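Shown next, in structure tokens, is the structure this report addresses.
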Amino acid sequence: MNTTSQAVEPREFQTLSNASQGLALEAIENGEATALRTNLSGDLRPRMNWSQLRYQGTVYDLSWQRVGLVAQYKMSHTSHVSASEIENVSDGIAYGNLSDRAQRFFTEARAGNESAWYSREAFPAEFHDHHLVKYQREYYRVIVYTGDFEQYRLSATPTDG
């Protein structure tokens with residue numbers, strides 16, 4: 001009875017999707033790369049059934065480690081609010097006092113468009129503290145969602161042989 005197992009050939013770098021190639025290349029060049037679980041594709045993800053990747057003639061051992069949860073922010077829609085419904089108008093911010101980026105977020109939300117998910121640092125800071133915007137003598141409540149997403153670290157180590 002033969003009990004030797006056959007070695008699995010390393011996955012070739014060029015067979016990965018563009019997004020996976022970018023993540024793998026970052027891990028190869030820096031020893032590791034981090035990504036949110038929601039951004040990982042089917043060909044390069046935690047618990048995949050292969051662990052070696054060949055890039056420019058070198059084979060790398062790949063390993064995943066869950067590093068925790070990361071808060072992400074997204075702006076949904078806005079709704080018009082009557083001034084009489086507002087308990088404290090100082091909770092709001094005037095449209096003119098928003099950064100250009102925050103104004104774009106607000107304009108998109110008023111048009112009914114949701115933003116993508118952003119890290120706390122990348123999401124407009126004004127909307128961390130203010131959920132009311134005064135725009136053209138009217139008040140609008142902005143809806144901001146916060147979600148916790150799993151973050152993983154991909155390590156790439158050249159093999160010895």
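What follows is calculated from the coordinates using simple rules that are stated; it is not laboratory data. No experiment lies behind these values; they were computed from the predicted model shown. When we count neighbours, we look across all protein chains shown, and the Cβ atoms used for this are built from the backbone with ideal geometry, even at glycine.
Can you list the GluC sites (Glu not before Pro) in the stretch 46-135 that are in a DSSP coil and have 13 or fewer other beta carbons within 10 angstrom? Within the stretch 46-135, the qualifying GluC sites (Glu not before Pro) (loop, at most 13 other Cβ atoms within 10 Å) are E87, E114, E121. Helix 100-110 axis versus longest C-alpha principal axis of the chain: approximately 80°, rounded to the nearest ten. Of the residues N30, N88, N39, the one that moves most in a GNM of the chain with alpha-carbon contacts below 10 Å is N88.
In loop segments of the stretch 113-161 as defined by DSSP, the trypsin sites (Lys or Arg not before Pro) with at most 11 further C-beta atoms inside 10 Å of their C-beta are R137.
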